[in-house]
Amino acid sequence: MAACGRFGLQLCGAGLRPFSASQALGAAATAEQVAEKLRAQQREEARGEEPKSPLSRRVRQLDRFSKQLQGVHPNVLAKALKNGVLYQNEKIVVINKPYGIPVHGGPGVKNCITDVLPILAKMLNGMKAEPLHLCHRLDKETTGVMVLARNSDIAHQIQHLFKTRQVEKKYRAISVGVPVPSEGVVEIPIVEKEVQSHKAHYKMTLAPNYRLSSEEGKLVKVRKNRAAQRAVTRYRVLASSASCSLLELQPITGVKHQLRVHLAYGLGCPVLGDHKYSHCSKLAPQKLPEDALRRLGLEQAKARHLPLHLHAHGLTLPLGTRGDKQIDLVCKLPVFFKNSIERLKLEVPEFQEK
């Protein structure tokens, strides 16, 4: 941009147009107002005050929620898991996995489920109790039903049930967009690939067996990716409103991030709060429709605070005792998930949470 006296030139459309010094001063004043607003918010946060704006309070609530169990003492996390036990018998303990807690440790991880299993076992069965064992995993941001075994033999037995697809799993999710058709099966292989953007990273993506020919518009079989894994997901729309849907999902297979990838790339309806899979080639906060933002009480700039709305709602184990043929496990939706359903008006008359 060039300036001359009190006037400058601004690129606009097909040519250049002049703008005055008063316009520049107006823009500077607007920028200063935004900066002062941000400074005021930072002062509120530093003093621990509750923000005055309803929008700011909503963002603060989401931000606190995502961090609430990540920095606590392991005993505190174990106590939270104990309070969330859904079912237990002589073979298994079933917990309600909280949001934001990874199953396994890694770089930068302060707390994980695996590390507190010995503490949880002692809280449940005394100081001499054998540590509990993992039977399967859930993503860090996924909540809901998680099965633990009381010894390694039972853990191997249950892991075999998962591997041979004898365990029926059902999830609840809120998606951005409405899947068409409203009920169906997605069967597209999935593979992990490196994505080059501003920062190289790995993510799961689709590896379809067919593609649409650009010339003739026909389906053409493509060369099979040897690293791709078969992935099958059943889905059903329970309710839709404000450009979002409440879904019931049933993964037939168990590929990493399967539900998230099939919804985002297979149906074009990513899970609400899924900032990893909302864009194919970059890592960026999820872009939400205006009506969804309005009902959620958020601005697009604050959408990065939205948690992943994916919940392991039910699980059926063919591991009954006392003559039972199977164990049916159900976990209530977390509070943040229920709040989003209410705000988005995703009401389902026949769907009642217990």
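The values are calculated or read from the model by the stated rules, or taken from the named source; none is laboratory data. Keep in mind that this is a model prediction, so the values were computed, not measured. Because the Cβ atoms are built from the backbone with ideal geometry, glycine has one as well, and the counts that use them run over all protein chains shown. Side chains are part of the model used for accessible areas, which takes the heavy atoms of the whole protein and leaves out ligands, DNA and RNA. Shrake-Rupley method; radii C 1.70, N 1.55, O 1.52, S 1.80 Å.
Here are the numbers for this structure:
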| quantity | calculated |
| --- | --- |
| Single condition LYS163 does not satisfy, out of (1) surrounded by 12 or more Cβ atoms within 10 Å (Cβ to Cβ); (2) modelled with pLDDT of 90 or more | (1) |
| The stretch 205-222, subset in a loop (DSSP other than H, G, I, E, B) and among the hydrophobic types (A, V, I, L, M, F, W, C), residue most open to solvent (accessible area, probe 1.4 Å) | VAL222 |
| Scan of the stretch 93-113 for residues that are open to solvent by 30 Å² or more (accessible area, probe 1.4 Å) and at pLDDT below 95, ordered by number | TYR99, HIS104, GLY105, GLY106, PRO107, GLY108, VAL109, LYS110 |
| Evaluation of PRO131 against (1) more than 20 Å from ALA312 (Cα to Cα); (2) of a type outside the set (Val, Ile, Thr); (3) open to solvent by less than 20 Å² (accessible area, probe 1.4 Å) (one fails), failing number | (3) |
| Answer from LYS287, LYS276, LYS282 - the residue that is surrounded by 15 or more Cβ atoms within 10 Å (Cβ to Cβ), assigned to a loop (DSSP other than H, G, I, E, B) and of a type in the set (D, E, K, R) | LYS276 |
| Any hit, the stretch 190-204, residues being open to solvent by 20 Å² or more (accessible area, probe 1.4 Å), modelled with pLDDT under 95 and under 18 Å from ALA231 (Cα atoms) | yes |
| Set VAL335, VAL255, VAL261, VAL271: member being of a type in the set (Val, Ile, Thr), at pLDDT 90 or above and farther than 28 Å from GLN166 by Cβ | VAL335 |
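Matching residues to (1) within 25 Å of ALA231 (Cβ to Cβ); (2) more than 10 Å from the chain's Cα centre (by Cα):
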position	(1), (2)
THR253	yes, yes
LYS256	yes, yes
VAL261	yes, yes
LEU267	yes, yes
LEU283	yes, yes
HIS305	no, yes
HIS309	yes, no
